[in-house]
Amino acid sequence: MPAFVDEARKAALEVFEREPVPTWRRSGFWTTTLRKLHLDELSPRRYEPVGELPDIVREHLAGEDHAALLVQRGASVVYSHISPEAAEQGVKLLPLEQAVEEHADLVEPWFGRRLPHDEGKFPAANAAFWTGGAFLYVPKEVRLDKPIQIVWLIDEPGTAQYARTLALVDEFAECSVREYCLAPDIDGQALHAGGFELYARAGAQVNLAHYQDWGRGEVYDVSTKRVEIARDARVRWVPIHLGGQLTKQRLDIITAEQGSDMRHTGMYFTERDEHLDLFTTDKHEAAHTTGDTVWKGALTGESRSSYEGLIEIVPDAQESHTYLQTHSMLLSPKAKADAIPSLIVKTDNVSASHGGTVGELDEEQIFYMMTRGVPRVEAVRVLVEGYFEEVVQRLEDPGLEDLVRRRIAEKLAGAHDQVAEFIDERAAAPAEAEAA
C-alpha cells in the first residue's frame, strides 16, 4: 500500500484501540447503545471472485442495465464490470485497494478529505480495517445515461464488513450512483461499519441513492456518509432505509462553494424491534448556496426511530437558502419516534427554516375512502404508499422505484394484523370517550 494509506491506517488504529464502544444519547432520553453487539466475535470474511452475481444481488438489481457495477461480499470484491461505452469515456469503478496503487494521483488528494479517522471508534475502525472498497471516477464533461451500482453484501453471521467508498465526479460530468447494502435473513450477528465520501466538482450533476435492507437478521450498521458539492454543482441524494436490527448513521451534505445546490430526500420503514438513529446535516460553507431536506418514515411493531436534522450556516455564507422537514408515521401503539430538526446560523441575510411531525394515519381519510367502497386494509395501504411516493419518485430510476414500492407493500402486508388493530383502536377511541 502507498505511504498515505499506511499512515492513515496506523493513525486510525491508535484511535480505535483508545476509544470505547460508544453510546449515543440525545435530548436527555433517547439512547442508542451497542451493548448487545459482540464485536470481539466478528471478523472480516474473505471470498473468491465469482463470474455471476450472487442471487440476492441479482434479485434486487432485477437485470437493470448499468454503466458500471461492483459487488463486495464481506471483505472481498467478488464481482466487477464496466460497460465498454463507460470505459471508452474514461470512467473508472474498481476496488479501492487497487485504485490506491494504480491511480494514486487521483485518489490521494481526496482520500479521507471529509472522512477523518478521529471521529470515534467506528470511523476509526473503518479507516484502519477497510479492505476491497470501491473507487469511482467520472471524468470531466462525461455524461452517463445508465447508473453506476455499488453493492455491499453480508450473507454470513459473524461478519465484520468495513466498507469504504470514494467517489469523484469531475467538472461538468453527469451521472447516477446507486449504493446497495444487502443481506438475507441471517441467523446471528454481523456488522457493517461504512464510510462513504463523494465529491461533486464544479458544475457536476449527480443523482445519488443509498438503499439499505439488511433483512431480518441481527445486522448492526454504524456508518458515516458525506457529500461535498463544489461551485455550481448539484447533488440529489435519496437514502432508503428498509431493514436493519440497529442502524446508527450520520449523513452530511456540504455545499462548499458558491452556487452549489443539494436536494436530500430520504425515507425509512422500521418493524419488529428494529432501532434506527439518523443524524443528517445540511452545512453551508459558502455564500449563495441552496438546499432542501425532506425525510419521511413509518414504524410498526415495537420499533424505534430517531431522526435529527441540522442546518448549519457558517460565517460569510450569506444568501444561503435552505429548508428541512421531517415526518414520522406511527402504525403501531408500541412504536416510538422522535423528530428533531435544528438550526445553527452564524451569519445574516439567509433564509433557513425547519419543521418536524410525529403522527398517525388520518382516520377521517380512511373513513372517506371506506365510504367510497374501499376496504379498510386497502385504504391503509394506499395512504401509506402515497405518503412515501414523494420520496420514491425522486429516485428517478424505474427499477429502484419498483423495488422500493414492492418492499413497502411487503412490509405493510407483514404487519397487517397489528396495523389493522391499531387503526381500529384509534377509530373506537372517540366513540368510547363520547359515551363516557
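The values are calculated or read from the model by the stated rules, or taken from the named source; none is laboratory data. Since the model is a prediction, treat every value here as computed from it, not as a measurement. Don't worry about glycine lacking a Cβ; one is built from the backbone with ideal geometry, like all the others, and counts go over all protein chains shown. Keep in mind that these areas ignore ligands, DNA and RNA; they rest on the heavy atoms of the full protein, side chains included. Shrake-Rupley method; radii C 1.70, N 1.55, O 1.52, S 1.80 Å.
By the rule of a C-alpha distance below 24 Å, with chain neighbours fewer than 8 residues away ignored, the lysines paired with LYS336 are LYS36, LYS248, LYS296, LYS411.
Helix 416-435 axis versus longest C-alpha principal axis of the chain: approximately 40°, rounded to the nearest ten. When the Gaussian network model of the chain links Cα atoms closer than 10 Å, the mean-square fluctuations of LYS336, LYS36, LYS146 top out at LYS36. Each residue of region 136-149 is assigned a 3J(HN,Hα), and the resulting list reads 10, 9, 10, x, 3, 6, 7, 10, 10, 7, 9, x, 9, 10 Hz, derived from the Karplus form 6.51 cos²θ - 1.76 cosθ + 1.60 (θ = phi - 60°), x at Gly and Pro. Taking amide hydrogens as placed 1.01 Å from N in the peptide plane, the amide H of THR289 sits under 5 Å from those of GLY259, SER320, HIS321, each at least 5 positions away in sequence or on another chain.
Here the gap between ARG58 and GLU364, fully extended at 0.36 nm per residue and compared with their Cα-Cα distance, gives a gain of 106.0 nm. Database remark: amide H of VAL294 closer than 5 angstrom to the amide H of HIS264, THR265, GLY266, GLN325 (H placed geometrically; neighbours at sequence offset of 5 or more, or on other chains; Pro and chain starts carry no H). Computed extension gain for HIS81 through GLU17, at 0.36 nm per residue and net of the alpha carbon distance, reaches 19.4 nm. For region 111-199, applying the loop criterion from DSSP together with a ceiling of 10 other beta carbons within 10 Å to the trypsin sites (Lys or Arg not before Pro) yields no site. Stretching the chain fully between LEU383 and GLU401 yields a gain of 4.8 nm (0.36 nm per residue, less the alpha carbon separation). With a simple spin-label model that places each label point 7 Å from the Cα along the Cα-to-Cβ direction, the separation between HIS321 and ALA413 comes to 4.5 nm. Note on the chain: with a GNM built from Cα contacts shorter than 10 Å, the maximum mean-square fluctuation among PHE172, PHE269, PHE135 falls on PHE172. For region 319-331, backbone phi angles converted through the Karplus equation (6.51, -1.76, 1.60; θ = phi - 60°) give residue-by-residue couplings of 6, 8, 9, 7, 8, 10, 9, 9, 9, 10, 10, 8, 10 Hz, Gly and Pro being listed as x. For THR131, the shell of other residues with beta-carbons less than 15 Å away shows a net charge of +1, using +1 for Lys and Arg and -1 for Asp and Glu. Entry note, region 153-237: relative contact order of 35 percent, from Cα contacts under 8 Å with a spacing of 6+ residues.
The modelled label-to-label distance between SER342 and GLU88, using points 7 Å beyond Cα along the C-beta direction, is 5.2 nm.
When you count the other C-beta atoms within 10 angstrom of each residue and take the mean per peptide, 48-55, 216-223, 103-110, 272-279 line up highest first as 216-223, 272-279, 103-110, 48-55. Ligands, DNA and RNA left out, the accessible area of the chain computed with a 1.4 Å probe is 47% carbon and sulfur.
Evaluated with a Cβ-only charge set (Lys, Arg +1; Asp, Glu -1), region 205-358 carries a dipole of roughly 360 debye about its Cα centre, given to the nearest 20. Cross-link partners for LYS346 among the lysines, with Cα-Cα distance under 17 Å and sequence neighbours closer than 8 places in the same chain left out: LYS283. To the nearest 10 Å², what's ARG250's accessible area with a 1.4 Å probe? Number for this one is 90 Å².
Distance between the modelled labels on HIS38 and SER353, one decimal in nanometres: 5.2 nm (7 Å Cα→Cβ projection). Structural descriptor for the chain: relative contact order 10 percent, calculated from alpha carbon pairs under 8 angstrom and at least 6 residues apart.
Counted by Cβ distance under 10 Å from ALA352, the other residues give a net charge of -2, where Lys and Arg count +1 and Asp and Glu count -1.
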